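Heads up, the thing below is written out as structure tokens.
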Amino acid sequence: MNTTVTPPNGNKREYISYAPYLWPSCKGIKNVTDPETQCPYKPRDGLYNPDVRNLSDPVDSRNMVRDVLSLSIFYQLHGDENFAEKAVQLLDTWFVNEETSMLPEVIYGQIKRGPGEWKGREEGILDTRLYVYIPVAVRILEKSRAWNDNIDKGIRNWISDFSNWLMNSNLGKQAFKRSNNHATFYVAQLATYLEFSGRIDEARNLIRKFSETTFQNMILKSGEQPMESKRTKPYHYQCFNLEALTYIALLSQKINGTNLWEIRTKDGATIQNAVDYLIPLKNQDAGQEGEAILLPALYKARDYYGDRSGKYANTISKFLKTTNGASEWWTIYSPKSLRDGNVKNSNGKSYNYDNYDSYSENSATSLFGTSLYAMLSFGLGVFFVFLY
């Protein structure tokens, strides 16, 4: 890994990132020459510390996923082995090569800096949430000439080892015990990796346990998500958590697990209530996409719950007209929309991909990955705009 800062244990193959909402508090401390090591770091929720960008791993990680997905989809569409070859090369570098690959753990994710030992936090597991798309790419690339036994074994071993780390490490256990989006994205990741590794029963049990515990306190009767709405960016974080919740619900459908769409919280609410709660609200959070960040949940809620009243279709149409275009890739979350020709961009052009799932009908994650053609066809320069 090409990290710009050496992790505390000296191994540059460790993933490392800084906590984005922690800032040095140097009040009362004399002769400060290095705030990173002399001043305690304290939270300022929602206020992004720009110096976290001094580390290259988070950006490199996101770019890797984006590039692997893009190349994989182009290979699927055009059959050009050059695309597959480059995608496999990236996977080899990040997950397989013993000199360059990331170790299958996140022990230095979202580090809290300051005096004393720098340690990773369970929040750091959120940094790898996009890795759920790696199995999608693998299921495409394994048909290419570039794929080989060494890559296949290496990727599968890495994902299996990472699954075990998530389950057995203190950081993983702490992430599962969280009451907000950190737990939701933890479950989304681990369930995906377990499914990919053929550990279907474990994936089902994980989602079932989540539905019986953490999920029970996530949504009030009104649909409000209290652990997200109390944040400084309540609209953003409620949409963010819904992305993971609806992802888990779809994945659980594919593996015949708990029907999270129908499970009610202790207040009697479902995922649908959480989606509906946000529809009439205005996004007061800072950011360029406004209410359009609700689009992933809107598409998926409409596809599962139906839309006799037209509220989802009307809201989707409204939000697409207000977006600057960066949110249009979110149709990845609604293959049904693509197949039915119901997706339009801000210029009114319709998209219809009848063969969206022709290559991975048996893939447990085909619902998420196979519609990436939509994202690519929109010609977006930014693929994962929701990250920060």
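The values are calculated or read from the model by the stated rules, or taken from the named source; none is laboratory data. What you are looking at is a predicted structure, and each value in this text was computed from that prediction instead of being measured. Note that we place each Cβ from the backbone using ideal geometry, even for glycine, and neighbour counts take in every protein chain shown.
Some observations on this one:
- Within the range 14-42, the set of residues being of a type outside the set (S, T, N, Q), exposed (fewer than 15 other Cβ atoms within 10 Å of the Cβ) and in contact (Cβ under 8 Å) with a residue 24 or more places away in the chain comprises E36 only.
- The conditions of being among the basic types (K, R), within 21 Å of Y15 (Cα to Cα) and over 15 Å from the mean Cα position of the chain (by Cα) are met by K112.
- Of residues in the range 16-51 being assigned to a loop (DSSP other than H, G, I, E, B) and touching a strand residue (DSSP E or B) at 6+ places or on another chain (Cβ under 6 Å), the one farthest from W118 (Cα to Cα): R44
- The set of residues from the range 52-86 being hydroxyl-bearing (S, T, Y) and either in a loop (DSSP other than H, G, I, E, B) or not assigned by TED's automatic domain parsing to the domain that holds A146 (or both) comprises just one member, S56.
- Lone unmet requirement of (1) more than 23 Å from the chain's Cα centre (by Cα); (2) under 19 Å from D161 (Cβ atoms); (3) of a type in the set (F, W, Y) for F95: (1)
- For the residues K173, K153, the requirement of being without any contact (Cβ under 8 Å) to a residue 12 or more places away in the chain, closer than 30 Å to D45 by Cβ and surrounded by fewer than 22 Cβ atoms within 10 Å (Cβ to Cβ) singles out K173.
- Conditions (1) under 24 Å from the mean Cα position of the chain (by Cα); (2) in a loop (DSSP other than H, G, I, E, B): number failed by Q89: (2)
- Residue ID - surrounded by the most Cβ atoms within 10 Å (Cβ to Cβ), chosen from residues in the range 120-150 that are within 19 Å of A87 (Cβ to Cβ) and of a type in the set (D, E, K, R): R139
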